[in-house]
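Presented below is the structure to which this report refers.
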Number of protein chains: 2
Amino acid sequence: MIQIALLGLGVVGRGTFDLLEQNRDLLAKRLGDTIEVKYILDLRDFPDTPFAHKVVHDFEVIRADKEVTLVAEMMGGAHPAYDFTKACLEAGKSVVTSNKEVVATFGEELLEIAAAHNVAYAFEASVGGGIPIVRPLANDFLSNEVTAISGILNGTTNYILTEMEQKDKAYADALAEAQQKGYAEKDPTADVDGIDTCRKICILTGIATGVLPAAAEVKTEGIRAIDLADVALLKKSGRAVKLLGRMQLAGGKPCCIVAPFVCPNASPLAHVDGVFNGISVNGSSLGETMFYGRGAGAEPTASAVCTDIVATLRDGVTSFAPVFKAATADTLTPSGEFACRRYLRSSLSETALADKLGTLETLDGSVGAYLTERRFTEREFDALAPALGLISSLRVL
Amino acid sequence: MIQIALLGLGVVGRGTFDLLEQNRDLLAKRLGDTIEVKYILDLRDFPDTPFAHKVVHDFEVIRADKEVTLVAEMMGGAHPAYDFTKACLEAGKSVVTSNKEVVATFGEELLEIAAAHNVAYAFEASVGGGIPIVRPLANDFLSNEVTAISGILNGTTNYILTEMEQKDKAYADALAEAQQKGYAEKDPTADVDGIDTCRKICILTGIATGVLPAAAEVKTEGIRAIDLADVALLKKSGRAVKLLGRMQLAGGKPCCIVAPFVCPNASPLAHVDGVFNGISVNGSSLGETMFYGRGAGAEPTASAVCTDIVATLRDGVTSFAPVFKAATADTLTPSGEFACRRYLRSSLSETALADKLGTLETLDGSVGAYLTERRFTEREFDALAPALGLISSLRVL
């Protein structure tokens, strides 16, 4: 019997506990041993539940118990989750987590501590909910240089954008509905302003390139300013607007951005709708791949946590051992150099615009909406923008 | 320096050799050691190439060389590929392969021999070309029971079907074009009759459930009989016809079939076009996921072979160790029990049809084309079919 502890019994923590119970036999068969939750750390008590006796309020009890060899951290927030994680790793316990904030902020240090103590720090559940993406990116692209990642990484914003596109809802109405259905929080800032997406693209960039950008260094635009008129116009030609976290190599170094992008119909990302996530990964040899599935929710996220638990217990540290180094000016290209085509509506004439932007493609059936043929870096476009008579503009995938 | 041998210098073999050369530094960095191809086994000589001196015609040279610890088999066909694989494993060499015929036919025995000799038998390249699917299915669904797999597993047929749908081409014309472009062989039987897809769904079923069906036991229908009229009719309502290899659990046991299926617009498989592959995997906890990418071609397939090489050399047998047991009547549900909804065109009246099939959905804007609401097993539908006045019929995903 293998003893583990759960830190935090919120939505993901409870889902993980339930999944460990429901799948007890399946997991035992695959692991060759049974998994027993010895402790659950939470501020609350859970009287009248079958697990009331497992609940503890003092982290020290878990840290000091040598029988506990693995801890699943699902508390959310930077502190005390980071501190507890560090203490567990230093005590020789492997840690698996769904906490993207801790991974994105402290990933370098925690992976180093894990390696030094010959234990694992695994975080499949931190990106893409239940979709296997973190482990495949670390283990299954070994013969490829990952040249680009483009991910729909936040189910809340993708739900809102899908509602806008498919039901002609304005942003505020779609957000209100998402809140009503429980897909969006009362304070939706972390989702709609792209903060959640930013942390996730930083983590994926770290795994793929070894360079972990600081979230604060990545230019991040959310979806609040998206005009339904643009969404409707683009839809007519089969294009969809999606909030993407993107990484592309520029000058041989990763360059990241988070923003809404126009996705052409031919891109598989254009067809990722509702609360689903889709992560497109370009490999130098295998070209474009995409990983698709449920990016949030108790059960899919718990599924990822449990997979990390079983893989770590079964295969040890070899099953997942990426190396992050926090980005520096020498290893990361600033977001200002991120280059892409642009969609825009403008009050200027096509001739005047083409003069500044080069050849333009007129959007089917529209007047005054264009796609540039040229790619512009953020820096270039920001410099041109004031003179473009812009009504609106979006980046193009 | 790690010495390896390549068996077969066809398209995939040459692609793998080139990739090992091009990515020498990347692979060395990830592996912590350099990979050296010591031998290339082929019937031909390759004079005036830089690797002419590596070419051997006698397999025994490779088998007997203790310096060679890993062999990549890319010969195709059952024999002598199977015999060479067995001999390598018994000699304590790990084998990685792109050969789906050998894996589908001899997978149980070869995995057992590999385990007995503490070496790996890995076959990421046998399904889905460059898409990471074999390893993720083995390693990243550990906390899920895989309840269903639906895969577009053959790029040739998907190219033909995409041409029929998007360019209103008849099957024969689309096939001729695919042959001209080199996407289809002169004798396209293995592709268009579903044989290739069948081997691949058998392998995926083996990894996901531990039960490896014999390809001959899986009901397999190809795409030759698909009527352009149906494709065009279905397209109007956003549906696409795709050749799928499918596995679903029936009575707790896997049940497989290969056939063209109508895919609704909401399914991500409906948007997998051209030579791309898409593999949808349903997990008991994480719901539907999909893996998408280039399913064929020298470079993507070589990428998968090289990933297997690096993962096997780096992590040893723990990196990939599925267990297959050849299916028996006790472990596999026959294809006749595979259940799905049906699309049909019929000369009977809707009332007469509904009498036999239950509630029908009339396809948007069509006369005489319907979708059943009920799911029918193969057995049930085959019994009903003669009395349905069928002009055509297709299964529905």
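The values are calculated or read from the model by the stated rules, or taken from the named source; none is laboratory data. Just so you know, these numbers come straight off a predicted model, no measurement behind them. Here Cβ is always computed from backbone atoms with ideal geometry, including for glycine, and neighbour counts include all displayed protein chains. In case anyone asks, the SASA skips ligands and DNA or RNA and just uses the protein heavy atoms, side chains included. Shrake-Rupley method; radii C 1.70, N 1.55, O 1.52, S 1.80 Å.
Given a 1.4 Å probe and the protein chains as shown, residue A:271 ends up with an accessible area of around 50 Å².
Relative contact order for chain A: what percent, with Cα pairs under 8 Å and sequence separation of 6 or more?
On the way: 852 pairs, mean separation 71.5, N = 397.
Result for chain A is 18 percent.
Remark: label point of residue B:336 defined 7 Å out from Cα along the Cα-Cβ vector; separations to the same position in other copies 7.3 nm, ascending.
Let me know the Kirkwood hydrodynamic radius for the range B:293-380, please, with Cα pairs as the basis and the value in Å to one decimal.
Details: mean 1/r = 0.0555 Å⁻¹.
One decimal place: 18.0 Å for the Kirkwood radius.
Here the translational diffusion coefficient of the protein assembly as shown follows from Stokes-Einstein with Rh set to the Kirkwood radius across Cα pairs; for 10 °C and 1.306 mPa s it amounts to 57 µm²/s. Residue order by solvent-accessible surface for A:60, B:163 is A:60, B:163, largest first, with ligands and nucleic acids left out and a 1.4 Å probe.
What percent does the relative contact order of the range A:79-120 come to when contacts are Cα pairs within less than 8 Å and at least six residues apart? Walk me through the intermediate numbers first.
On the way: 30 pairs, mean separation 21.3, N = 42.
Worked out over the range A:79-120, it gives 51 percent.
Positive contributions from Lys and Arg (+1) and negative ones from Asp and Glu (-1), summed over other residues with Cβ under 12 Å from the Cβ of residue A:100, come out at -2.
With bins 20 Å wide beginning at 0, the percent of Cα pairs of chain B falling in each bin runs 27, 53, 18, 2. Taking every alpha-carbon pair in the range A:242-286 and binning the separations at 5 Å intervals from zero gives 5, 18, 25, 26, 17, 7, 2, 0 percent.
The dipole here belongs to the range A:218-347: it is taken about the Cα centre, uses +1 on the Cβ of Lys and Arg and -1 on the Cβ of Asp and Glu, and is about 460 debye.
Remind me, what semi-axes does the range A:92-243 give for its equivalent ellipsoid, largest first in whole Å, using sqrt of 5 times each Cα gyration tensor eigenvalue?
On the way: eigenvalues 217, 58, 33 Å².
In descending order, the three semi-axes are 33, 17, 13 Å.
Under 10 Å, Cα contacts only: if you run a Gaussian network model on chain B, which one of B:61, B:96, B:317 comes out with the highest mean-square fluctuation? Taking springs between Cα atoms under 10 Å, the residue moving most is B:61.
Please state the equivalent ellipsoid semi-axes for the range A:144-221: what are the square roots of 5 times the Cα gyration tensor eigenvalues, largest first, in whole Å? Could you put the intermediate results ahead of the total?
Working: eigenvalues 160, 36, 17 Å².
Working through the eigenvalues yields semi-axes of 28, 14, 9 Å.
Lys and Arg at +1, Asp and Glu at -1: add these up for the other residues within a Cβ distance under 9 Å of residue B:157 and post the number.
Values: positive: B:242; negative: B:191, B:196.
Local charge sum for residue B:157: -1.
Summing +1 for each Lys or Arg and -1 for each Asp or Glu among the other residues whose beta-carbon sits under 11 angstrom from that of residue A:53 gives +1. Residues of the range B:275-305 that bury at least 30 Å² of accessible area when the other protein chains are present, relative to the chain alone (probe 1.4 Å, heavy atoms, ligands and nucleic acids excluded): B:285, B:286, B:288, B:289, B:290, B:291, B:292, B:294, B:299, B:303.
Along its first, second and third principal axes, ordered by size, the range A:106-182 spans 52, 27, 18 Å in Cα coordinates.
Within the full protein context, the accessible area of residue A:292 is estimated at about 10 Å² for a probe radius of 1.4 Å. Comparing A:209, A:69, A:318 in a Gaussian network model of chain A (Cα springs below 10 Å), the most mobile by mean-square fluctuation is A:318. Going from the chain on its own to the full set of protein chains, the range B:141-157 has these residues losing 30 Å² or more of accessible surface (heavy atoms, 1.4 Å probe, no ligands, DNA or RNA): B:142, B:143.
Each listed q (0.16, 0.21 Å⁻¹) maps to a log10 I(q)/I(0) for the range B:265-335, found by the Debye formula over equal Cα scatterers with no solvent: -0.97, -1.09.
For the range B:328-388, the solvent-accessible area works out to 51 Å² per residue, with a probe of 1.4 Å and every protein chain left in place.
Would you calculate a helix-derived [θ] at 222 nm for chain B, using -39,500 (n - 2.57) for each DSSP H run of n ≥ 4 and dividing by the full residue count, to the nearest 500? Helix contribution divided over all residues of chain B: -10500 deg cm²/dmol. In summary, the convex hull built on the alpha carbon positions of the range B:239-397 has an orientation-averaged projected area of 12.6 nm². Comparing B:322, B:132, B:386 in a Gaussian network model of chain B where C-alpha atoms under 10 Å apart are linked, the largest mean-square fluctuation is found at B:386.
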